[in-house]
Ligand code: NDP
């Protein structure tokens with residue numbers, strides 16, 4: 001079997017076109033573009049690239065994108081005050097604090113200061129709680145991107161066995177809840193899971209969100225399974241790889257996402273989707 005490659009770039013382009021249409025309609029109706037404000041503390045090179053990409057993508061989609069850059073030695077109180085100010089500003093629809101924060105800054109306290117209606121990363125306890133209890137709210141972008149990819153290939157999760165490898169608040173836990181919402185039978189695996197290959201081999205759908213290059217091998221995969229690779233790992237040669245051994249697994253899976261050009265391409269598109277949704281919800 002040769003897996004069909006799920007093209008994240010192509011699906012993301014479709015999402016962005018939908019976002020642009022909605023952002024333009026919002027601007028026409030309200031006399032201003034929806035606004036996404038990103039807060040970046042410090043000079044972590046990867047974070048700087050992510051933030052620049054978010055700013056560029058917002059502008060391309062007809063939104064206002066503003067980056068607030070703060071020095072690495074910023075005090076907790078100053079950062080919280082900025083987030084509170086953005087939360088109170090009516091022209092700000094989405095707020096994203098780029099993680100990880102440097103030094104001893106407490107990200108939980110900063111996230112808690114975001115107005116939940118503007119929390120486009122879906123990390124505020126109100127939004128995490130809404131997802132856990134099956135209510136509407138803003139949802140984390142990467143898991144939403146994975147769900148959109150499954151939707152695009154017309155995959156029916158009803159009654160399927162899904163295994164999520166990874167249990168972070170950003171990816172593993174929310175994607176597990178979203179799969180459950182679509183009636184999959186979900187197992188969450190992590191670093192203490194016994195006999196991980198056997199657990200994964202049972203799955204119709206595998207979501208790998210670990211951060212270990214090419215960890216998931218072909219003999220872990222049930223023939224015909226759908227495999228979504230969230231991992232982004234940078235090798236010594238600077239090249240990106242996923243958590244799944246792409247060459248091997250593509251011979252066993254029915255569908256597989258590449259790295260790069262898979263889930264990573266979806267994340268920013270879903271962030272823009274969240275920002276426009278936040279703007280439309282606040283204005284309604
Ligand atoms: P975290 O480091 O927060 O979580 C990693 C998870 O993997 C943990 O739950 C950990 O288990 C588990 N884990 C670690 N080692 C093993 C192992 N050997 N076997 C099984 N499970 C293991 O990472 P994130 O969830 O934030 O991100 C995961 C990956 O996804 C990273 O590569 C990251 O770069 C990427 N990512 C990609 C995005 C995209 O846009 N495509 C967006 C966000 C992340 P335990 O809890 O027991 O420690």
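The values are calculated or read from the model by the stated rules, or taken from the named source; none is laboratory data. What you see is a predicted model; the values in this text were computed from it and never measured. A quick note on method: Cβ atoms are made from the backbone with ideal geometry, for glycine too, and the neighbour counts reach across all protein chains shown.
Laid out as a table, the results:
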item	result
Subset of segment 209-243 (residues that are within 12 Å of the ligand (Cβ to nearest atom) and under 20 Å from residue 144 (Cα atoms))	209, 210, 211, 228, 229, 230, 231, 232, 242, 243
Which listed residue is more than 16 Å from the ligand (Cβ to nearest atom) and in contact (Cβ under 8 Å) with a residue 60 or more places away in the chain, from 117, 134	117
Extreme residue, nearest to residue 126 (Cα to Cα), among residues of segment 158-186 that are more than 6 Å from the ligand (Cβ to nearest atom) and touching a helix residue (DSSP H, G or I) at 6+ places or on another chain (Cβ under 6 Å)	174
In segment 3-20, the residues that are more than 17 Å from the chain's Cα centre (by Cα) and touching a residue at least 12 places away in the same chain (Cβ under 8 Å)	3, 4, 5, 18, 20
Residues of segment 21-52 satisfying the condition of being within 22 Å of the chain's Cα centre (by Cα), exposed (fewer than 13 other Cβ atoms within 10 Å of the Cβ) and within 14 Å of residue 64 (Cα to Cα)	none
Matching option when the condition is part of a helix (DSSP H, G or I), modelled with pLDDT of 95 or more and farther than 27 Å from residue 34 by Cβ, among 200, 259, 210	200
From 274, 233, residue being within 18 Å of the chain's Cα centre (by Cα), farther than 16 Å from residue 175 by Cβ and either surrounded by 15 or more Cβ atoms within 10 Å (Cβ to Cβ) or at pLDDT 95 or above (or both)	233
Lone unmet requirement of (1) in a loop (DSSP other than H, G, I, E, B); (2) on the phi < 0 side of the Ramachandran plot for residue 224	(2)
Residue match in segment 272-281 (condition: near the ligand (Cβ under 9 Å from one of its atoms) and touching a helix residue (DSSP H, G or I) at 6+ places or on another chain (Cβ under 9 Å))	no
Residue count for segment 43-87, restricted to those that are in contact with a helix residue (DSSP H, G or I) (Cβ under 7 Å, 6 or more places away or on another chain), assigned to a strand (DSSP E or B) and over 26 Å from residue 283 (Cα atoms)	1
Test: residue in segment 54-61 that is in contact (Cβ under 8 Å) with a residue 60 or more places away in the chain and within 30 Å of residue 252 (Cβ to Cβ)	no
Among (1) near the ligand (Cβ under 9 Å from one of its atoms); (2) at pLDDT 95 or above, the one test that residue 265 misses	(2)
So residue 3, is it surrounded by 13 or more Cβ atoms within 10 Å (Cβ to Cβ) and in contact with a strand residue (DSSP E or B) (Cβ under 6 Å, 6 or more places away or on another chain)	yes
Matching residues, segment 88-112, being touching a strand residue (DSSP E or B) at 6+ places or on another chain (Cβ under 8 Å) and outside any loop (DSSP other than H, G, I, E, B)	94, 95, 96, 97, 107, 110, 111
Tabulated pairs, segment 226-239, first in contact (Cβ under 8 Å) with a residue 60 or more places away in the chain, second away from the ligand (no atom under 14 Å from the Cβ) and in a strand (DSSP E or B), C-beta under 6 angstrom, 6+ apart or interchain	226/205; 226/255; 227/256
Residues (within 19 Å of residue 156 (Cα to Cα) and touching a helix residue (DSSP H, G or I) at 6+ places or on another chain (Cβ under 9 Å)) located in segment 222-258	222, 225, 226, 227, 228, 229, 253, 255, 256, 257
